[in-house]
Structure formats: C-alpha cells, structure tokens
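Asks: Here it is: the structure, laid out below.
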Amino acid sequence: MGESMIKAYIMVLVYIGKLGEVLDKLRKIENIKSIAVTAGDYDIITKVSVETLEELMEVTDKIQLVGGIKRTTTSVIEKEIEL
C-alpha cells in the first residue's frame, strides 16, 4: 500500500437486528481494511483504502447496497498520524 492511497472511514448505521448479517457481507467487500463495531451515532465504522476517488465511490456504493443498512457517512482521511 503506497503513500498515494486514498483512505477513508465509512460510518454505517444498521437497522435493528441486522448487525450480524451486515458484518458478514462487509467482510466480503474488497478494499475494506478494517471493520469496527461501535457504540454511539453509528453501529459500524469501516476503514477503506483505494487508489482513486472513483474507487472510493464504488466501495461506498457496494456498502450502501448491503441489505440492513440504513445510512452511511464517508470521511476521507486527509492525514493519518501513527503513534
């Protein structure tokens, strides 16, 4: 993974009772590098890594087509600081 990769967090709100089903489907989507189940405004936060903004849009579209997802919000990472 080169420095020119575009990374983003895609936050996912899931319908009640659909979390397990959504997680199973997200695991199969290419370019998702990690999946976190969270408490708060969103149920899942995925981290994706792609080469172009068009690829990011394609990954977002695939996520939005997963049954059981109510809404997604994407935040592109401008700078990531490793500790």
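The values are calculated or read from the model by the stated rules, or taken from the named source; none is laboratory data. These figures come from a predicted structure and were not determined experimentally. Please note: Cβ atoms are built from the backbone with ideal geometry, for glycine as well, and neighbour counts cover all protein chains shown.
Asks: Among the residues of the range 31-81, write down those that are in contact (Cβ under 8 Å) with a residue 60 or more places away in the chain and either within 22 Å of Ser4 (Cβ to Cβ) or exposed (fewer than 12 other Cβ atoms within 10 Å of the Cβ) (or both).
Replies: Selection gives Thr74, Ser75, Val76, Ile77, Glu80.
Asks: Restricting to the range 15-34, give me the number of residues that are outside any loop (DSSP other than H, G, I, E, B) and among the charged types (D, E, K, R).
Replies: Counting residues in the range 15-34 that are outside any loop (DSSP other than H, G, I, E, B) and among the charged types (D, E, K, R) gives 4.
Asks: Among what's in the range 19-57 and is of a type outside the set (A, V, I, L, M, F, W, C) and within 11 Å of Ala8 (Cβ to Cβ), pick the residue that is farthest from the chain's Cα centre (by Cα).
Replies: Per the criteria, the residue is Glu55.
Asks: Still on this structure: For Gly17, indicate whether it is on the phi > 0 side of the Ramachandran plot, surrounded by fewer than 16 Cβ atoms within 10 Å (Cβ to Cβ) and modelled with pLDDT of 95 or more.
Replies: yes
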